[in-house]
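S.K.: Got a structure for you, questions after.
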Amino acid sequence: MIIVSHWTIGANRECPSESFQMEGILAVKPYLKAIDRKPESDEVFLVGYSQGGSTTLGVMRILQDEFTKELPIKALYAGGGPYDTPWAK
């Protein structure tokens, strides 16, 4: 599963969704089971930039603290602010 946290938005109309990603993560497995499908893997990839970078780190902490076995994190990509410098590439 790939979970993308959106960037900083300036208005409600810029928001790509109106739900918090954790709700989507925790609802996807029961939904797939209901339609007789399952994910290819339980591994999770977290991605976010700008405000989404901070959100991605928060989601990582929740997954590590509360859902380690159910949603193992394979990789995390978070960026923005002082961490996105030309010499860091």
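The values are calculated or read from the model by the stated rules, or taken from the named source; none is laboratory data. What you are looking at is a predicted structure, and each value in this text was computed from that prediction instead of being measured.
S.K.: Name the residues in segment 58-89 that are over 22 Å from Pro30 (Cα atoms), hydrophobic (A, V, I, L, M, F, W, C) and at pLDDT below 90, would you?
M.R.: Matches in segment 58-89: Ala78, Trp87, Ala88.
S.K.: Within segment 22-79, which residues are over 15 Å from the mean Cα position of the chain (by Cα) and at positive phi?
M.R.: Asp36
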